[in-house]
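Some notes on the structure that comes next.
Every read-out reported here was derived from the displayed coordinates using simple, explicitly stated rules and does not represent laboratory data. These numbers were taken from a predicted model, which means no experiment stands behind them. Every residue, glycine among them, receives a Cβ derived from its backbone with ideal geometry; neighbour counts consider all protein chains shown.
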Amino acid sequence: MVNFTEDRFSQYVYNFFSEKLKSNNLDEYIEIKSKINILRDITIGYEEKKTAFKLYFGFQEQDIVFCPKDYKKFIPILKDNPFFAYHWLQSGMDSIIVPLLICELKVPESMNTHQFITYSKICEQIKEVFPYCDYYFLLTSNKKRNLMPETVLRQGKSFDRIFLNFLESEDEKEKCWKSIYDHLMYLKTELHIFD
């Protein structure tokens, strides 16, 4: 296996899942975004200068995000609302993306136990905001890192699925895609989130 940087891994995963969406005729309803900010939390704070409470939105950049293609399913940002603090807006951002599934991607060289705990906490927070969103953790390979099963169990409890050898075997990639496909089909057929 060729050594992958996180950027190369992200591009590979993006291309792989894009092709899977297309070959399963899901690209009409769902799109994949890469390196996109997703709402993680909302905090109410007090702004002394304006003597008012305001809503502060916390966002977290996510590696791979499956979301509805129909932008009407996003939540519009009401820019004239005096209770919102708008310093968090990205240029051109006019709505909050609703994720259906998120993949956090790591390569062994950039992975440590502390990060695993941190990303598990981020996963937990995002899923509190978006309860229909599944959240997966994908590692290119576990050979160098050698995460022990008990470490993964203890520190990755918030993830819906963990794939530690995504690039090591075709079987692992196909298992991951099947899990994603099943989740998307559940959202489509049972909850009618997209049609």
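With neighbours defined as other Cβ atoms within 10 Å of a residue's Cβ, the residues ILE77, ILE180 order from fewest to most as ILE77, ILE180.
Restricting segment 43-75 to trypsin sites (Lys or Arg not before Pro) that sit in a DSSP loop and have at most 15 other Cβ atoms within 10 Å of their own Cβ leaves LYS69. Here is the list for segment 1-67: GluC sites (Glu not before Pro) lying in DSSP coil, each with at most 15 other C-beta atoms within 10 angstrom of its C-beta, are GLU28.
By how many degrees, between 0 and 90 and to the nearest 10, does the Cα long axis of helix 170-189 differ from the longest principal axis of the chain? Compared with the principal axis, the helix lies near 40 degrees. Cross-link list LYS54/LYS106; LYS49/LYS69; LYS49/LYS72; LYS72/LYS127: which exceed 31 angstrom alpha carbon to alpha carbon? Those over the limit are LYS54/LYS106; LYS49/LYS69; LYS49/LYS72. Labels on offer are (i) 70, 48, 42; (ii) 57, 39, 29; (iii) 46, 41, 30, and the one holding Cα extents along the principal axes in Å computed from this structure is (ii).
In this structure, the pairs whose alpha-carbon distance is over 18 Å, taken from LYS20/LYS178; LYS73/LYS188; LYS22/LYS178; LYS73/LYS175; LYS121/LYS157, are LYS73/LYS175.
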